[in-house]
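The values are calculated or read from the model by the stated rules, or taken from the named source; none is laboratory data. As the structure is a computational prediction, the values presented were derived from the model and not from experiment. Every residue, glycine among them, receives a Cβ derived from its backbone with ideal geometry; neighbour counts consider all protein chains shown.
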Amino acid sequence: MIITRKSIPRRTMLRGLGATLALPLLDGMVPALTALDKTAAKPITRFGVMYPVNGMIMESWTPKSEGAGYELTPTLGPLAPFRDQFLVLSGLACVPTPGRPGGAHAKASTRFLTDVSPPTSETFLDAGVSMDQIAARVTGQQTQLASLELAIESGETAGACDVGFACAYTNTISWRSANTPLPTENNPRAVFERLFGDTGSTDPKARRARILQDKSVLDSVIDEAASLQGALGRGDRVKLVEYLDAIRDVERRIQKAEEQSSRELPIVDHPAGIPATYDDHVRLMCDLQVLAYQSDLTRVVTFMLGREFSGVTYPQIGVPDAHHPITHHQQEPEKIAKVAKINAYHVTQFAYLLEKLRATPDGAGSLLDHSIMVYGTGMGDCNAHDPRSIPMLLAGGASGQLKGGRHIRYPKETPLANLHLTLLDKLGVHLDRIGDSTGPLDDRALTGL
């Protein structure tokens, strides 16, 4: 048999005005032999973490029954459209190792991916390599960026930190080494430029001037995209058009946010490019995450919806109270109801991300089919600061390695590190141990076999 179909190089870029745009994974990039049979091409598995903060009202989170017939709780209700595509995991623990007392929030965020508690020393940072960075060391060999660390709150202006612990412990969940916490980025403009480049000044005034005077960076690559389309099949042409439209839309929204912020905030307390509302900010960051996956610029992304100890208010959902103080609800029904409302609101943001992933084609499926998306936090009951039973769910198909639609209850205080071992294995990283792990989880429960 003679194979005449040509394969487009995977790292083909569109270039113009100093900007480069990575292309999404197109069928034409699949080697000629596997192009004849899409099932022969192994899909790329992406990994993502969305981290809410300050613990949870566990009674409103945890389903009462196990297995496929469980009822969605009020907090999990926004995920109803994805019921068959996520797993609720109960019984996992993020218990700190013995050390300096206090620091419940610092320990929660630090241990969530490192499985190591902050140290007794007050003079240096010391934790452990987070599992997202362990994965990024391997997947990053195939991508432009090893990982992205996103956030909604700025670590520079977020306010108080846990008493006796450096702010780094509450500002990030990602650690490149035991002594190197990775800073998060909450400015969509900066994320966009990290993904697709920036030829202008970093000064906000100069940047806004460039936005008003210059054409979109995409305009300079339209001709090149048009010439490439001639060599693509019909399905690939549709993918390319949708991808360029998505980038243009994200760019437009960032520019609009910058223009609005300059009008509404004459004294700029936050970097330009941050939308005025929490919803718009989160969703723009989610869109950037999807673009990063779609273009295979990175396969590992962590996203903090706040920072531990956060005092953000949520008047848009009828909760004008600062978040952290009301989590110390002392069993007051009104405060419990408010915290539960915040918890459910955060879950709606995760639902938005899942919808974007599900709507984005990827090979023979969608990005959601080929992703492992983690939603959870290192603290369970918020009033008690209890790390012995934390909220955790997994969404996505992991390229055929996960089957959703069930609530799985593990024995009490099963180390969260056991889940990390299991997920790393699904990402192609095989370890015997991480943190306080005692072994991987039973994979039959996660795969539904």
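Just to be sure I understand, how many residues within segment 297-310 are out of contact with any Leu (no Cβ under 6 Å at 6 or more places or on another chain), of a type outside the set (Gly, Ala, Ser) and part of a loop (DSSP other than H, G, I, E, B)?
Residues in segment 297-310 being out of contact with any Leu (no Cβ under 6 Å at 6 or more places or on another chain), of a type outside the set (Gly, Ala, Ser) and part of a loop (DSSP other than H, G, I, E, B): 5 in total.
Write out, first by first residue and then by second, each pair whose Cβ atoms fall under 9 Å of each other, whose residues are 6+ apart or on separate chains, and whose first residue, in segment 299-316, is more than 14 Å from residue 174 (Cα to Cα) while the second is surrounded by 24 or more Cβ atoms within 10 Å (Cβ to Cβ) and of a type in the set (Lys, Arg).
Short answer, once both residue conditions are applied: 299/46.
Would you confirm, using the coordinates I've provided, whether residue 340 is surrounded by fewer than 18 Cβ atoms within 10 Å (Cβ to Cβ), assigned by TED's automatic domain parsing to the domain that holds residue 93 and either on the phi > 0 side of the Ramachandran plot or of a type outside the set (Lys, Arg) (or both)?
So residue 340 does not fit the description; no.
How about segment 129-243: which helices (runs of 4 or more DSSP H) wholly inside it have at least 3 residues that are modelled with pLDDT of 75 or more?
Those helices (runs of 4 or more DSSP H) span 131-139, 168-171, 188-196.
Given (1) modelled with pLDDT of 70 or more; (2) touching a Pro at 6+ places or on another chain (Cβ under 8 Å); (3) charged (D, E, K, R), where does residue 251 come up short, assuming only one miss?
In the conditions (1) modelled with pLDDT of 70 or more; (2) touching a Pro at 6+ places or on another chain (Cβ under 8 Å); (3) charged (D, E, K, R), residue 251 misses (2) alone.
Quick one: would you say residue 365 is buried (at least 23 other Cβ atoms within 10 Å of the Cβ) and touching a residue at least 60 places away in the same chain (Cβ under 8 Å)?
Considered against the rule, which asks whether it is buried (at least 23 other Cβ atoms within 10 Å of the Cβ) and touching a residue at least 60 places away in the same chain (Cβ under 8 Å), residue 365 comes out as no.
Is there a residue in segment 85-98 that is more than 15 Å from residue 181 (Cβ to Cβ) and without any contact (Cβ under 8 Å) to a residue 60 or more places away in the chain?
Among the residues of segment 85-98, at least one is more than 15 Å from residue 181 (Cβ to Cβ) and without any contact (Cβ under 8 Å) to a residue 60 or more places away in the chain, which makes the answer yes.
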